[in-house]
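The values are calculated or read from the model by the stated rules, or taken from the named source; none is laboratory data. Nothing here was measured: the structure is a model prediction, and the numbers come from that model. For neighbour counting, all protein chains shown are included, and Cβ atoms are generated from backbone atoms with ideal geometry for every residue, glycine included.
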Amino acid sequence: MRVLGIESSCDETAAAVVEDGARVLSDVVASQEDLHAPYGGVVPEVAGRAHEANIVPVVGKALRDAGLSLAGLDGIAVTNRPGLVGSLLVGVQAAKSLALATGLPLVGVNHVLAHAHANMLCGTALRFPLVALVVSGGHTSLYLCRSPLEETLLGATVDDAAGEAFDKVAALLGLGFPGGPAVDRLAREGDRGAVRFPRTRGAKGTLDFSFSGLKTAVLYHLRGQDARPGKGANRAGVRPADVAASFQEALVDALVKVTLEGARRARVRQVVLGGGVAANGRLRERMAEEGAAAGFEVVLPPPRLCTDNGAMIAALGTRLLEAGVRDGLDLDVHPRLLRNPTVKKAPPRRPAPAGGRR
Amino acid sequence: MRVETSSPAGTERVGRSLGRLLREGDLVLLSGELGAGKTRFVKGLAAGAGVARAAEVVSPTFLRLEEYGDPPRVLRHVDAYRMAGGADLEALGGGDLQGAGGFMVIEWPEHVEEALPPDGLLLRFSHRGPRARRLDVTARGPRGRALLRALRAALRKGRG
């Protein structure tokens with residue numbers, strides 16, 4: 001089964017063709033990072049416009065690189081949640097147009113879950129049920145996946161996402177954007193035991209995360225108790241590398257502890273990482289070590305699969321299509337993930353009518 | 001008006017008081033640097049307005065816009081931290097964020113100053129210690145003044 005995956009939820013306009021949910025035939029990403037770098041982040045107007053300009057060439061290139069025409073495809077998968085509505089709509093409209101023109105089956109994909117399923121693209125077998133931690137600039141979500149079709153959100157951040165905390169601490173340290181790699185690099189020269197930053201997490205008993213207080217603690221450490229604003233206001237004697245290393249350690253500590261606690265509670269064997277922050281060296285190191293020590297098989301995606309791409313959308317889309325999940329041309333976009341899918345049903349899914357829908 | 005809070009929970013409580021007063025079309029601007037308590041304030045505001053539980057409100061930095069509640073009582077929580085001008089704010093809502101109904105909170109309003117609607121309440125957050133914050137509240141326009149009076153009364157009542 002050859003599936004075209006389309007992704008446009010944030011910075012990247014991406015499309016890919018994946019065979020049988022595992023073999024990447026093409027993978028095209030038009031990154032807007034260069035456009036955004038001068039602003040220190042993603043600018044929605046730039047993002048929306050660039051998606052519109054990029055989507056047709058990117059899809060075209062994905063097909064050409066795969067050596068296929070539309071007739072060579074078996075299905076179309078597209079990110080329809082979560083993300084900025086204006087950006088999501090560009091990908092979803094493109095996918096619907098292609099589905100209408102070709103009669104190919106269409107399925108909407110959860111971007112966050114797709115990050116976990118990106119691991120299938122490097123030959124890793126996902127063994128369900130599993131617990132997946134997806135960490136990026138916009139997401140810090142812990143999922144229990146019983147199958148590619150059944151997921152429960154075990155926990156999520158109640159304030160800042162992990163990648164956002166990296167970006168904001170990088171800004172406090174005067175480092176560039178994106179902050180994750182910059183902090184990771186600087187932290188390697190620092191002493192992670194230098195400052196004992198608070199190990200914050202969500203409400204007691206939950207598997208939620210909280211990183212806003214950690215960011216504020218870094219601010220106070222840098223500026224002293226009166227937190228006088230302004231760049232270069234760092235106190236004498238503060239070593240940025242030590243701050244980076246200590247901050248990263250506190251954040252990674254929370255991610256590893258909560259994830260392994262979730263895996264223990266859910267009694268799974270496999271723990272899977274995904275998302276941009278899954279490329280963080282210290283997180284990989286500690287999750288691998290402590291996960292193995294606790295008896296879990298820890299799956300770490302290769303860094304190239306951590307960032308947003310169309311191949312992961314196609315990979316998860318393939319699993320859904322194989323299971324008979326279809327969305328119609330009324331497929332809608334959803335800006336946010338539902339915090340508790342057991343209370344409110346996930347976006348409606350229609351099983352394929354008998355005989356398939358062509 | 002100046003409000004001093006001694007903890008993040010205190011900041012959230014002020015937000016809750018303001019949330020109870022909000023009605024369709026209202027605009028609240030939250031200014032102040034990283035870690036000053038703006039998002040924490042919105043957690044209280046959303047709960048007070050009855051559109052979301054405090055724990056459901058997350059930082060909107062990544063998406064730039066998070067929405068809570070059901071029409072017509074919808075809270076639009078905008079974060080202009082990564083915006084570079086008014087056009088970015090307009091692009092976010094198809095140019096008609098206020099016309100979309102509900103009420104709106106904008107963090108980092110100085111980044112999109114030229115596109116801000118004229119009437120509303122402005123809160124400037126500043127650090128007074130690791131947990132204490134100062135909120136300087138000013139009105140912009142007639143509805144802003146009405147909200148300011150109502151908030152002052154609500155906070156006074158809460159203390160007494």
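For this structure, a couple of remarks:
- Residue that is away from chain A (no Cβ under 11 Å) and not in a loop (DSSP other than H, G, I, E, B), where the choices are B:VAL78, B:VAL42, B:VAL105: B:VAL105
- Yes/no for A:ALA217 being at pLDDT below 90, of a type in the set (A, V, I, L, M) and out of contact with any helix residue (DSSP H, G or I) (no Cβ under 6 Å at 6 or more places or on another chain): no
- Residue match in region A:171-186 (condition: surrounded by 19 or more Cβ atoms within 10 Å (Cβ to Cβ), basic (Lys, Arg) and out of contact with any strand residue (DSSP E or B) (no Cβ under 9 Å at 6 or more places or on another chain)): no
- Test: residue in region B:82-96 that is at pLDDT below 95 and more than 11 Å from chain A (Cβ to nearest Cβ): yes
- Those strands (runs of 3 or more DSSP E) lying entirely in region A:1-70 with at least 1 residues modelled with pLDDT of 95 or more and within 24 Å of A:VAL85 (Cα to Cα): A:2-7, A:13-19
- Whenever a residue of region B:127-140 is of a type in the set (Val, Ile, Thr), its partners that are part of a strand (DSSP E or B), lying with C-beta atoms within less than 6 angstrom and at least six residues away or across chains, give the pairs B:VAL137/B:LEU123; B:THR138/B:LEU122.
Quick grid of which residues meet (1) buried (at least 23 other Cβ atoms within 10 Å of the Cβ); (2) out of contact with any Ser or Thr (no Cβ under 6 Å at 6 or more places or on another chain):
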residue: A:LEU84; (1), (2): yes, yes
residue: A:LEU89; (1), (2): no, yes
residue: A:GLY103; (1), (2): no, yes
residue: A:VAL112; (1), (2): yes, no
residue: A:LEU121; (1), (2): yes, yes
residue: A:ALA125; (1), (2): no, yes
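- Scanning region A:74-114 for residues that are within 14 Å of another protein chain (Cβ to nearest Cβ) and part of a helix (DSSP H, G or I) gives A:VAL85, A:GLY86, A:SER87, A:LEU88, A:LEU89, A:VAL90, A:HIS111, A:VAL112.
- Top-ranked residue in region B:45-59 [being in contact with a strand residue (DSSP E or B) (Cβ under 9 Å, 6 or more places away or on another chain) and either surrounded by fewer than 24 Cβ atoms within 10 Å (Cβ to Cβ) or more than 20 Å from B:ARG13 (Cα to Cα) (or both); ranked as farthest from the other protein chains (Cβ to nearest Cβ)]: B:VAL51
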